[in-house]
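Data first, discussion second: the structure below is written as structure tokens.
The values are calculated or read from the model by the stated rules, or taken from the named source; none is laboratory data. A quick note: this is a predicted structure, and the numbers were derived from the prediction, not measured. Because the Cβ atoms are built from the backbone with ideal geometry, glycine has one as well, and the counts that use them run over all protein chains shown.
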Ligand SMILES: [Zn+2]
């Protein structure tokens, strides 16, 4: 059978199994768990894959909500990457107006219920094909916790869990079907805790050494630093401990910094300069300090070859067809935000500055609240400002990322609107599209070694001889929570 026919057959199989994947996504949507608490979601997926014949290793890289599931033998080894954490405060019903299921509850405002499930769906589809075709190769699903501010993949990368992959495929829900050739910023967030000597502020201030003085001097210097960093570098802070009372010289004070930069190496330089500022502030005030890195993500490096393959496979599948009801539902959501459909499209054009041809393609959809057609990558050469722990994965192994239409065009990121569509048919359709695109791309990669060779050549060129260095300290451990009974 030709590969094209095998692809068609696999698409039919994925469609036949649609309800299993939608069931999983909906269960995770209905039980939203935030970072490090994803016991239900990781357990559900690990059990599902184990039942399907995968060898499952739970509790990896020190994280009890992380797992790896593998099927097959030999090479190549292709990773399918999943996430499943929700966001706090975004509880939302499956309806087109804002209303919480549970006031103050969690919700899947980034659509990770679909993200993880699409990758599980692709993994079992690929396994089915490997089994039927007898082709050599392994498929490996990674259940990655805490993408939202914890960085599960960074700990996995540090432990070498991605090292033997030939490449990885991942997905993120979005408002369009599109692949990526761009980068993302690198980020590091650290707490600086100063310790001085407490004293009566009125009676014996000469005996005191103010930790708050150190924090303030650090912040002054950091504000001067802003002038002398590359454009696109962001320096943000909040004071998390400013002392207890104004009549006591503060013994302790603390400040949390977030730094972002377009390039991972450059961020390391800025972080070192900020550390020197903290040292200077401690010296000036006769205090001591400790730095605790909270999170650190490397910038994402897109693999162009994988981006193109994912796009070709989306085209092979065709566009997502949305019904009149789904379009009306999405329009009601768009109408609840300022601006009109055409404004959202225009904002994207202004931001990405696409080629004339692509611009025309995008403008053809300017009146639509949902866009089901497939677009080639629009972000080549750009560094997008949102950070993700996919960055660390992408510096260890070539990584392809696909986005699919699961949200209305006007839905802001991390909003109730994304929760509202991620648990119903609009999100289901986008998720299935992604599962299919990743599965078909994997088929190409297993079927002809020329693809893996091209993907690796692309990766080597971008790495330019550099090796991945994990941005978190060697001794830093992820938090381990216990499941709530
Ligand atoms: Zn996300």
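Would you be able to say whether some residue in the range 2-14 is within 20 Å of the chain's Cα centre (by Cα), crowded, with 16+ Cβ neighbours inside 10 Å and modelled with pLDDT of 95 or more?
No: zero hits.
Given the criteria closer than 24 Å to residue 472 by Cβ, surrounded by fewer than 20 Cβ atoms within 10 Å (Cβ to Cβ), out of contact with any strand residue (DSSP E or B) (no Cβ under 8 Å at 6 or more places or on another chain) and free of Cβ contacts under 8 Å to residues at least 40 places away in the same chain, does residue 231 qualify? No, not satisfied. Can you confirm whether the range 201-215 contains a residue that is farther than 30 Å from residue 240 by Cβ and surrounded by fewer than 21 Cβ atoms within 10 Å (Cβ to Cβ)? Looking for residues that are farther than 30 Å from residue 240 by Cβ and surrounded by fewer than 21 Cβ atoms within 10 Å (Cβ to Cβ), one finds none in the range 201-215, hence no.
Screening the candidates 170, 240 for the property of being touching a helix residue (DSSP H, G or I) at 6+ places or on another chain (Cβ under 8 Å) and modelled with pLDDT of 95 or more yields one hit, 170.
Out of the residues in the range 380-391 meeting the condition of being outside any loop (DSSP other than H, G, I, E, B) and either within 15 Å of the ligand (Cβ to nearest atom) or closer than 18 Å to residue 176 by Cβ (or both), tell me which one is nearest to the chain's Cα centre (by Cα).
Looking at the filtered set, the residue picked out is 390.
Quick one: would you say residue 79 is surrounded by 24 or more Cβ atoms within 10 Å (Cβ to Cβ), more than 16 Å from the ligand (Cβ to nearest atom), part of a strand (DSSP E or B) and touching a residue at least 12 places away in the same chain (Cβ under 8 Å)? When the stated conditions are applied, residue 79 passes them. Where strands (runs of 3 or more DSSP E) sit wholly within the range 101-200, those with at least 3 residues that are within 30 Å of residue 473 (Cα to Cα) and in contact (Cβ under 8 Å) with a residue 40 or more places away in the chain occupy 137-144, 167-174, 186-195.
Screening residue 471 against (1) without any contact (Cβ under 8 Å) to a residue 60 or more places away in the chain; (2) farther than 26 Å from residue 39 by Cα; (3) part of a loop (DSSP other than H, G, I, E, B) leaves a single unmet condition, (1).
Of everything listed in (1) at pLDDT 95 or above; (2) within 12 Å of the ligand (Cβ to nearest atom); (3) over 22 Å from residue 439 (Cα atoms), the single unmet condition for residue 144 is (3).
Across the range 41-60, the number of residues qualifying as part of a helix (DSSP H, G or I), without any contact (Cβ under 8 Å) to a residue 40 or more places away in the chain and out of contact with any helix residue (DSSP H, G or I) (no Cβ under 7 Å at 6 or more places or on another chain) comes to 4.
Checked against (1) within 16 Å of the ligand (Cβ to nearest atom); (2) out of contact with any helix residue (DSSP H, G or I) (no Cβ under 7 Å at 6 or more places or on another chain); (3) more than 28 Å from residue 239 (Cβ to Cβ), residue 187 passes all but condition (3). Considering only the range 122-134, I want to know if a residue exists there that is modelled with pLDDT of 95 or more, buried (at least 22 other Cβ atoms within 10 Å of the Cβ) and within 16 Å of the ligand (Cβ to nearest atom). Checked the range 122-134: no residue is modelled with pLDDT of 95 or more, buried (at least 22 other Cβ atoms within 10 Å of the Cβ) and within 16 Å of the ligand (Cβ to nearest atom).
When the residues of the range 278-295 are narrowed to those that are over 13 Å from residue 252 (Cβ atoms) and within 30 Å of the chain's Cα centre (by Cα), which ends up surrounded by the most Cβ atoms within 10 Å (Cβ to Cβ)? The residue in question is 295. So is residue 411 within 16 Å of the ligand (Cβ to nearest atom), in contact with a helix residue (DSSP H, G or I) (Cβ under 8 Å, 6 or more places away or on another chain) and in a loop (DSSP other than H, G, I, E, B) or not? So residue 411 passes the test. Does residue 175 fit the bill of being over 30 Å from residue 283 (Cα atoms), modelled with pLDDT under 95 and either within 16 Å of the ligand (Cβ to nearest atom) or in the same structural domain as residue 345 (by TED's automatic domain parsing) (or both)? Criteria not met by residue 175. When you look at residue 450, is it in the same structural domain as residue 150 (by TED's automatic domain parsing), surrounded by fewer than 22 Cβ atoms within 10 Å (Cβ to Cβ) and under 27 Å from residue 304 (Cα atoms), yes or no? When the stated conditions are applied, residue 450 passes them. Does residue 417 meet the test of being more than 22 Å from residue 92 (Cα to Cα) and either touching a residue at least 12 places away in the same chain (Cβ under 8 Å) or assigned by TED's automatic domain parsing to the domain that holds residue 372 (or both)? In short, no.
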